[in-house]
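K.L.:
I'd like to ask some things about the structure below.
The values are calculated or read from the model by the stated rules, or taken from the named source; none is laboratory data. Note that the coordinates shown come from a computational prediction; the quantities given were computed from them, not determined experimentally. Don't worry about glycine lacking a Cβ; one is built from the backbone with ideal geometry, like all the others, and counts go over all protein chains shown.
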Amino acid sequence: MVAPANKTNNMKSKLSFIIVTIATVLLFNSCKKYEDGANFSIYTKKHRVVGDWNLVTKTYNSQDLLAPVHLDGLQICNTGDTVYYTIDNYYDSEIWSFKRDGTVKCSTWSSSTQPDASYMYLNCQAVYSTTSQNGIVEGTWEFSGKKEDLTLLGVVHPYDNIWEIIELREDKMKLKITRPYVSKIMAFEKIK
């Protein structure tokens, strides 16, 4: 008589294990917080944000804002002749440093090759010079909206304070802001 009871208990244990396994899989698949994010992470959201990030994609209504800009132009010089020239603007890099204390720093570097307009007018010849620019902007960051949004103050346009977190991994982060007629996306890779 003991054998059938053990067999029943063994079947109940197996059935319970299967039900718990299925429930766990469904729970983790349905708890995905971010659109392109991981289903599960051992790191806290704050731990994943804190660090130095390289901006790899920046779009405004699907237009790549990090792409080099090449412009062709012409100028009439003092003799009445036409001088043709080009202007090249390069976006070198943008590094964002998110600190645990809620501060954030954005450092940018860019360069530009342009003709000297005065020289071109006087000499009817395009002579180019390259200039480099850099800038640092500091502000604050914090989670908002059940940690589904990242609020950035002082480092972006005042209308662009609250960014939806699309992806948040240990090594990748993607933020998006959408308003009528405006869609902006910033994608980052963590600097190791």
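K.L.:
State which residue pairs qualify: first residue among the hydroxyl-bearing types (Ser, Thr, Tyr) and inside segment 132-159, second residue surrounded by fewer than 11 Cβ atoms within 10 Å (Cβ to Cβ) and assigned to a strand (DSSP E or B) in any location, beta carbons under 8 Å apart, and separation of 6 or more residues or different chains.
P.N.:
Short answer, once both residue conditions are applied: Tyr159/Arg179.
K.L.:
Now a separate question. Out of all the residues in segment 104-126, which are out of contact with any strand residue (DSSP E or B) (no Cβ under 6 Å at 6 or more places or on another chain) and either under 15 Å from Val156 (Cβ atoms) or in a helix (DSSP H, G or I) (or both)?
P.N.:
Ala117, Ser118, Tyr119, Tyr121, Leu122, Asn123 - these are the residues of segment 104-126 that are out of contact with any strand residue (DSSP E or B) (no Cβ under 6 Å at 6 or more places or on another chain) and either under 15 Å from Val156 (Cβ atoms) or in a helix (DSSP H, G or I) (or both).
K.L.:
Looking at Thr86, Thr57, which one is among the hydroxyl-bearing types (Ser, Thr, Tyr), in contact with a strand residue (DSSP E or B) (Cβ under 8 Å, 6 or more places away or on another chain) and modelled with pLDDT of 90 or more? It would help to see each step written out before you state the result.
P.N.:
On the way: Thr86 fails: modelled with pLDDT of 90 or more.
That would be Thr57, the only listed residue that is among the hydroxyl-bearing types (Ser, Thr, Tyr), in contact with a strand residue (DSSP E or B) (Cβ under 8 Å, 6 or more places away or on another chain) and modelled with pLDDT of 90 or more.
K.L.:
Residues Asp92, Asp101: which one is closer than 30 Å to Gly51 by Cα and assigned to a strand (DSSP E or B)?
P.N.:
Asp92
K.L.:
Within segment 86-101, can one find any residue that is exposed (fewer than 12 other Cβ atoms within 10 Å of the Cβ), in contact with a helix residue (DSSP H, G or I) (Cβ under 9 Å, 6 or more places away or on another chain) and in the same structural domain as Phe143 (by TED's automatic domain parsing)?
P.N.:
Going through segment 86-101, the residues exposed (fewer than 12 other Cβ atoms within 10 Å of the Cβ) turn out to be 100-101.
If we keep only those that are in contact with a helix residue (DSSP H, G or I) (Cβ under 9 Å, 6 or more places away or on another chain) too, we end up with 100.
From what is left, the residues that are in the same structural domain as Phe143 (by TED's automatic domain parsing) are 100.
Yes, that holds for at least one residue.
K.L.:
Filter segment 171-182 down to residues that are within 13 Å of the chain's Cα centre (by Cα) and part of a strand (DSSP E or B) and give me whichever is farthest from Asp160 (Cα to Cα).
P.N.:
Lys172
K.L.:
For segment 155-165, check the following and say yes or no: at least one residue is in contact with a Ser or Thr (Cβ under 6 Å, 6 or more places away or on another chain) and either in a strand (DSSP E or B) or hydrophobic (A, V, I, L, M, F, W, C) (or both). Steps first, please.
P.N.:
Pass one, segment 155-165, residues in contact with a Ser or Thr (Cβ under 6 Å, 6 or more places away or on another chain): 161-162.
Still in the running and either in a strand (DSSP E or B) or hydrophobic (A, V, I, L, M, F, W, C) (or both): 162.
Scanning segment 155-165, I find at least one residue that is in contact with a Ser or Thr (Cβ under 6 Å, 6 or more places away or on another chain) and either in a strand (DSSP E or B) or hydrophobic (A, V, I, L, M, F, W, C) (or both), so the answer is yes.
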